[in-house]
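Notes follow the structure.
The values are calculated or read from the model by the stated rules, or taken from the named source; none is laboratory data. Computed from a prediction, not measured in an experiment: that's the story for all the values here. Ideal geometry is used to build each Cβ from the backbone, glycine not excepted, and the neighbour counts take in all protein chains shown. Side chains are part of the model used for accessible areas, which takes the heavy atoms of the whole protein and leaves out ligands, DNA and RNA. Shrake-Rupley method; radii C 1.70, N 1.55, O 1.52, S 1.80 Å.
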Amino acid sequence: MDSTTTPPALPPEPMSLVGRLFNVFATPGDVFDSLRAGGWSAGNWVVPMILAMVVAMGSVLVMFSQPALMQQIQQQQDKAFDDQVAKGKMSEKQADEIKGKMASVTKIVTPIFAAVGGCVGVFGTALVAWLVGRFVLRGEIEFTQALEVTGLATMISVLGGIVKTLLIVVKGTTFVSAGPILLLSAPDMQNLTHQMIAALDVVTFWHFVVLGIGLAKLTGGSTVKATAVLYAVWLAFCGAGILFGRLMAGGF
């Protein structure tokens with residue numbers, strides 16, 4: 001027997017669901033190796049999705065508990081209606097009626113919408129991840145596999161949601177993210193440049209790096225390529241949202 005023969009690589013050690021949910025923060029490569037070796041389970045996406053929904057609802061409820069934040073939100077809504085009245089798109093009476101109705105349902109509807117958004121976000125990201133894995137990385141990956149990888153990567157977003165909630169409370173504004181926007185002394189949510197800066201969130205980039213690692217592990221493709229494409233899609237989505245918001249507000 002040739003003494004220089006390299007021994008076969010040992011299969012990755014099995015990892016529990018709890019282990020995968022926590023280790024994805026520090027050693028995502030090991031987590032996805034374990035997944036590829038047979039650790040597939042619906043819990044890989046169900047549990048993170050539930051956590052994302054809970055954090056999203058909790059964030060909204062925390063904001064509603066802050067009088068200063070509620071005043072800011074109310075002022076933004078009032079300004080939007082005042083602009084519509086000034087443009088002749090509705091009468092002042094109509095604006096007042098809508099304001100009254102919104103005030104009575106906002107605290108009930110908004111947390112529900114936030115939870116639904118957390119659910120839709122997981123499936124939407126999984127769809128993008130599947131398309132990237134299938135057509136960009138050219139891998140044989142099923143949607144359910146992309147969903148589980150996305151679910152585990154969503155744990156980064158769960159942490160990001162908690163961090164952003166804390167920043168909102170500390171800064172006293174909803175116009176904040178874990179990124180360069182923190183360096184601005186007085187960020188203006190009506191300023192296009194500030195809106196673009198706010199979209200540059202460190203935790204969001206971390207999320208897509210982990211998701212890119214997962215796709216690369218499953219397809220044998222490039223982590224850098226997967227991450228770059230995923231983040232580019234995210235930035236395009238944010239840009240479209242900013243553009244749509246400014247068009248609706250008559251900002252262009």
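Do you know which residues across the stretch 25-35 are of a type outside the set (S, T, N, Q) and surrounded by 15 or more Cβ atoms within 10 Å (Cβ to Cβ)? Reasoning before the result, please.
Going residue by residue through the stretch 25-35, those that are of a type outside the set (S, T, N, Q) are 25-26, 28-33, 35.
PRO28, GLY29, ASP30, VAL31, PHE32, ASP33, LEU35 - these are the residues of the stretch 25-35 that are of a type outside the set (S, T, N, Q) and surrounded by 15 or more Cβ atoms within 10 Å (Cβ to Cβ).
Filter the stretch 25-51 for residues that are over 20 Å from PHE205 (Cα atoms) and in a loop (DSSP other than H, G, I, E, B) and give the result.
Scanning the stretch 25-51 gives ALA37, GLY38, GLY39, TRP40, SER41, ALA42.
What number goes with the only condition from (1) of a type outside the set (S, T, N, Q); (2) open to solvent by 70 Å² or more (accessible area, probe 1.4 Å); (3) touching an Asp or Glu at 6+ places or on another chain (Cβ under 6 Å) that VAL54 does not pass?
The single condition VAL54 does not satisfy is (3).
Given the criterion open to solvent by less than 40 Å² (accessible area, probe 1.4 Å) and either under 14 Å from the mean Cα position of the chain (by Cα) or not small (Gly, Ala, Ser) (or both), identify the matching residue among LEU167, LEU184. Spell out the reasoning first.
Numbers: LEU184 fails: open to solvent by less than 40 Å² (accessible area, probe 1.4 Å).
After applying the criteria, what remains is LEU167.
Read through the list (1) touching a helix residue (DSSP H, G or I) at 6+ places or on another chain (Cβ under 9 Å); (2) of a type in the set (Lys, Arg); (3) over 25 Å from VAL233 (Cα atoms), then give the number of the only condition that ARG138 fails.
(3)
Check GLN84, GLN77, GLN72 and return the single one that is closer than 30 Å to ILE156 by Cα and in a helix (DSSP H, G or I).
Going through GLN84, GLN77, GLN72 in turn, just one is closer than 30 Å to ILE156 by Cα and in a helix (DSSP H, G or I): GLN72.
How many residues are closer than 26 Å to PRO28 by Cα and outside any loop (DSSP other than H, G, I, E, B) when one looks only at the stretch 168-213?
Of the stretch 168-213, the ones closer than 26 Å to PRO28 by Cα are 177-180, 199-213.
After this cut, where a residue has to be outside any loop (DSSP other than H, G, I, E, B) as well, the list is 180, 202-213.
Residues meeting the conditions: 13.
Filter the stretch 75-111 down to the residues that are surrounded by 13 or more Cβ atoms within 10 Å (Cβ to Cβ) and polar (S, T, N, Q), then identify the one that is modelled with the highest pLDDT.
Only one residue fits best here, namely THR110.
Count, please, the residues in the stretch 196-224 that happen to be over 20 Å from the mean Cα position of the chain (by Cα) and open to solvent by 40 Å² or more (accessible area, probe 1.4 Å).
Summing the residues that are over 20 Å from the mean Cα position of the chain (by Cα) and open to solvent by 40 Å² or more (accessible area, probe 1.4 Å) in the stretch 196-224 gives 3.
Tell me, yes or no, whether the stretch 112-124 has at least one residue that is open to solvent by 50 Å² or more (accessible area, probe 1.4 Å) and closer than 21 Å to PHE32 by Cβ.
yes
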